[in-house]
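The values are calculated or read from the model by the stated rules, or taken from the named source; none is laboratory data. Treat the numbers as computed from the prediction; the structure is a model and nothing was measured. Cβ placement follows ideal geometry from the backbone for every residue including glycine, while neighbour counts extend to all protein chains displayed. SASA here: full protein model, heavy atoms, side chains in, ligands and nucleic acids out. Shrake-Rupley method; radii C 1.70, N 1.55, O 1.52, S 1.80 Å.
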Amino acid sequence: MLAPERLARYADAVVRSCLKLDPGDALFIQGQPAHRELMVALTEAAYRAGAAEANVEYLDNLVAAARIRLAADEHLGPLPDWAAKRLRAQLEPRSASVTIIGEGDPGAFDKLPSARIVADSQGRMGKMQWWLRAVKAGRYRWTGCAWPTPYWARQVYPGLDPVEAQRQLAEDLLWFCRLGPDDPPGAEGWEAHVEAIARRGQILTALRLERLELRGSGTHLDVLLPEDARWLGGQEANAHGRLVSPNFPTEENFTSPTPGATTGTFRCSRPLSFRGRLIEGIAGEFRGGSLVRLEAADETDRELLAAFLASDPGASRLGELALVDRTSRIGRMERHYANTLIDENAAAHIAFGYGFDQARVQPARGGRAHRVNSSNLHLDVMIGTDDLEVTGFTADGRDVPLIRGGEWRL
């Protein structure tokens, strides 16, 4: 798929530049069987960086589908003690985790009852409240990266020979991550890129915006922000003081809105890849912060999405607002990548479910004004278009054009 030196460069960038792995740290790697080539490369990169341990976990959608289809109701959503111990180990200051993304088992969850899919997923998450709190607080040192599986590559490049489609998708991923042939050597291009995004986040935070208006094709949203909203993106120091780039690639600056205050309508500009399905035509309406109307092109897909958003009280509210302009390398490809990690960095997006404590200058200590949304779910949907306009408003009534004609105006 990639020449050995290019694969090693990709893996080293994940381990050294995204996670800043130090000698003696432990790396936890999660992926599907179709990701084995990259999982081995990440293991090698970890030990080159001096890791004390590189631990690999294979996640198999066909195994999960068998449980959903056949297990007794009381055995859905399992979290055995050994799995909880593994998760706790990943929260240690000297631990880092990487999840590889790229669907390897198409249709694993097709024709399964939506109620059982939700019960399995949310049942497990309901037993992991301690882990979700740690993630929101920035204690989970994590990054997500992608690998071009045969199925995924055929989705993105249906007109190419299967092997050539994988190679082309691999080239795209390297270019998105600033590891292309015309980028600076090593991960220098990537590091300069995420530093620039982080600086833009600091500028947005300093503006102390209290409200945003998003206006575009099918989208007319008003989003409230608390006075100490903090904009993140690129790279951030986590709760342990370790510098992390959580998405590889990334283009976004994001924050967590005030829960219960979003109003207006939205229409998704890109399909959503969710539970092995491609959900198109997503649109909806917020009133008083909660989703009151949801649409999708296919009713079965809409029912699955609605079941997840009804699974807990916070799932129908916004936990994240992320801004991406059309200069994004991913967006400039004008191609749908059928993968949330990639597509969310092609266009501005919103996320249902939990927000991030780090998206506050001073995380809440019980005060409602500063809290972020709480939920077992975090689901991104893309709403950005080339005609999207985003305007911020300060407490003194000043309006600040943030995005005009699809491009940053800061």
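General observations
- The phi-based Karplus calculation (6.51 cos²θ - 1.76 cosθ + 1.60; θ = phi - 60°) puts the 3J(HN,Hα) values of the range 285-291 at 9, 10, 9, x, x, 10, 6 Hz, whole numbers, x for Gly and Pro.
- Each Lys and Arg adds +1 at its Cβ and each Asp and Glu adds -1 at its Cβ; summed about the Cα centre, the range 106-264 shows a dipole of about 880 debye.
- Computed from the C-beta positions of Thr394 and Leu243, the FRET efficiency with R₀ = 30 Å rounds to 0.50.
- Taken about its Cα centre, the chain carries a charge dipole of about 1120 debye when Lys and Arg each add +1 at the Cβ and Asp and Glu each add -1 at the Cβ.
- The fraction of accessible area contributed by carbon and sulfur in the range 182-249 is 49 percent, rounded to a whole number (1.4 Å probe; ligands and nucleic acids excluded).
- Cα centroids of the range 217-269 and the range 5-68: 27 Å apart.
- Note on surface exposure: Ile203, Ile279 rank Ile203, Ile279 by accessible area, highest first, 1.4 Å probe.
- Paramagnetic label zone (point 7 Å from Cα along Cα-to-C-beta, Ala71; backbone N under 14 Å) in the range 119-150: 119-128
- Shape call, the range 108-231: gyration tensor on alpha carbons, a/c limit 1.5: oblate
- Per-pair calculated FRET efficiency, R0 = 45 Å: Arg199 and Val40 via Cβ, rounded to 0.05: 0.80
- Unit charges at the beta carbon, dipole of the range 150-298: most positive-side option, Gly216, Gln202, Pro246: Gly216
- For the range 375-391, 3J(HN,Hα) computed residue by residue from phi via the Karplus equation (6.51, -1.76, 1.60; θ = phi - 60°) reads 6, 8, 10, 9, 9, 8, 10, 8, 10, x, 9, 5, 9, 4, 10, 10, 10 Hz, glycine and proline entered as x.
- Ranking Arg208, Arg48 from most to least accessible surface, computed with a 1.4 Å probe over the protein chains only, gives Arg208, Arg48.
- Tensor-based shape of the range 27-118 (alpha-carbon gyration tensor, a/c under 1.5 rounded, otherwise prolate or oblate): oblate
- Rounded to the nearest 0.05, the FRET efficiency derived from the C-beta distance between Asp22 and Val63 at R0 = 30 Å is 0.30.
- Most positive-pole-ward Cα, Pro259, Ala346, Ile101, against dipole of the chain from beta carbon charges: Pro259
- Partner lysines whose Cα lies under 26 Å from the Cα of Lys85, excluding those fewer than 8 positions away in the same chain, are identified as Lys20, Lys127, Lys136.
- Gyration tensor (alpha-carbon) shape descriptor, the range 170-209, a/c threshold 1.5: prolate
- Of Arg215, Arg329, the residue with the largest accessible area leads and the full order is Arg215, Arg329 (1.4 Å probe).
- Note on Arg335 and Arg404: their simple-model spin labels are 3.3 nm apart, each label 7 Å out from Cα toward Cβ.
- Lys, Arg +1 and Asp, Glu -1 on Cβ, resulting dipole of the range 285-410 about Cα centre, debye, nearest 20: 640
- Note that the range 90-106 has calculated 3J(HN,Hα) couplings of 6, 8, 5, x, 8, 9, 9, 10, 9, 10, 8, 10, x, 4, x, 10, x Hz, one per residue in order, obtained from phi through the Karplus relation 6.51 cos²θ - 1.76 cosθ + 1.60 (θ = phi - 60°); glycine and proline are x.
- Value of [θ]222 nm, deg cm²/dmol, for the chain, DSSP H segments ≥ 4, -39500 (n - 2.57) each, nearest 500: -9000 deg cm²/dmol
- Taking the empirical scaling 2.2 N^0.38 Å for compact globular proteins as reference, the chain has a Cα radius of gyration ratio of 0.94.
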